[in-house]
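Just so you know, all these numbers are worked out from the coordinates, no wet-lab data involved. These figures come from a predicted structure and were not determined experimentally. Here Cβ is always computed from backbone atoms with ideal geometry, including for glycine, and neighbour counts include all displayed protein chains.
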Amino acid sequence: MITRSREPDSTQCGASTIAACCIGHRSVLRGHMQRTAPDGPSGCRFLRICLPGHTCPTRPSSPECFEARRGQQEETAKRPPHLNGTRQERRKTTATEEEEHLPHLNGTRQNRQDMNIIETESASDPRLAAYCTLTEAQLRNRLEPEKGIFIAESPKVIRVAMEAGYEPVSLLCEERHITGDAADIIARCPEMTVITATRELLTQLTGYKLTRGVLCAMRRRPMPTVEQVVDGARRIAVIDGVVDTTNIGAIFRSAAALGVDGILLTPTSCDPLNRRAVRVSMGSVFLIPWTWIDGPVTATLHDCGMRTAAMALTDESVPLDDCRLKAEKRLAIILGTEGDGLAHDVITDADYTVRIPMAHGVDSLNVAAASAVAFWELRRND
């Protein structure tokens with residue numbers, strides 16, 4: 001409610017009134033509650049604004065003030081409880097809600113220690129060995145693969161791995177992620193050890209800044225046999241000697257997206273569960289069956305009832321869009337190294353040698369790009 005001692009000047013008092021009403025902030029309005037103007041033709045001496053919930057200094061018992069206060073009280077009563085009260089009371093309400101939803105993540109530091117949540121400040125902490133000390137070969141544990149582990153990065157990739165049946169061993173993250181991005185992961189694995197570290201320490205451990213700041217050590221699963229991966233498959237990718245982790249991750253991502261039923265890798269290829277390969281694949285390594293293949297590649301595939309197509313540039317190469325390729329009911333697409341490509345015996349033993357037609361004198365594509373083109377062109381639609 002606005003009261004004036006007498007009619008104000010439309011320019012001077014009107015501007016104050018509009019500003020006070022539009023801004024609507026208590027601290028601003030309070031400054032306008034009483035303003036004295038110099039005497040002049042306008043005759044505006046002061047401007048008084050009575051806010052809802054505030055007693056008018058000169059007319060504390062005016063009906064208008066009481067009515068405004070009553071209206072505000074009724075409006076407050078209609079609002080949800082968590083929107084009422086002081087800022088401190090609202091904080092208490094929020095904390096209570098967090099305790100109800102994530103009781104295992106709250107409490108004192110001692111309670112967190114009881115729930116396997118520990119803090120570390122040094123990269124030399126032995127509990128961080130899996131994240132910074134052990135090599136990929138040591139993590140893989142070639143002699144006893146069932147005891148090997150791998151590192152998954154980002155909450156999304158970790159969730160995909162868990163959905164695929166991989167078991168988390170420990171989680172390394174910034175403390176804020178315990179009740180943030182990693183909260184649901186921790187809730188699903190209450191027995192898992194959770195190690196918190198600063199962002200600077202995580203950057204030191206990984207060599208780069210993590211977008212999400214969450215790492216998870218997970219147990220490897222027993223590898224299936226070649227026959228188990230190939231059984232019933234119509235399209236198989238064979239990775240022969242590809243050692244670049246980025247390419248491995250990209251091939252797996254394309255294979256999963258474009259309908260490849262399984263992947264076989266020669267022992268000279270990079271491990272698909274390498275930390276960077278897993279990250280580049282965005283978890284696709286967990287979505288498609290794969291295993292290692294020893295011995296002659298083409299002979300093993302022929303024994304499994306697969307026809308083979310070697311991606312290579314030779315005089316006998318057929319274009320990728322050759323109708324015979326897509327007509328094959330069961331076909332294995334063999335991809336070679338980034339430099340030398342496939343071995344001569346693999347090419348000569350394959351049923352087809354295939355090339356991707358190119359323009360502008362370009363002779364080849366990166367193996368990851370070539371795989372995506374081949375998977376798309378040779379996919380089965382039935």
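General remarks:
- With the convex hull of the Cα atoms taken as the outline of segment 249-318, the averaged projected area works out to 5.7 nm².
- Across segment 361-372, coupling constants 3J(HN,Hα) worked out from phi with the 6.51/-1.76/1.60 Karplus curve, θ = phi - 60°, read x, 6, 9, 7, 10, 4, 4, 5, 5, 5, 5, 4 Hz, and Gly and Pro carry x.
- Neighbour counting of Cβ atoms within 10 Å sorts the residues V346, V169, fewest neighbours leading, into V169, V346.
- For segment 256-266, Karplus couplings with θ = phi - 60° (6.51, -1.76, 1.60), whole Hz, Gly/Pro x: 5, 6, 10, x, 6, 8, x, 9, 10, 10, 6
- Order of F375, F150, F252 under a 10 Å beta carbon neighbour criterion, fewest first: F375, F150, F252
- Dividing the mean sequence gap of close Cα pairs (under 8 Å, 6+ apart) by how many residues segment 208-321 holds gives a relative contact order of 27 percent.
- Cα gyration tensor category, rounded, prolate or oblate, for segment 226-377 with a/c compared to 1.5: rounded
- From the alpha carbon centroid of segment 240-260 to that of segment 340-361 is 18 Å.
- Relative contact order, percent, segment 261-382 [alpha-carbon distance under 8 Å, six or more residues apart]: 25
- Charge tally for A343 (other residues, Cβ to Cβ under 10 Å; Lys, Arg +1; Asp, Glu -1): -4.
- Relative exposure of R253, R307, judged by other C-beta atoms within 10 Å (fewest first): R307, R253
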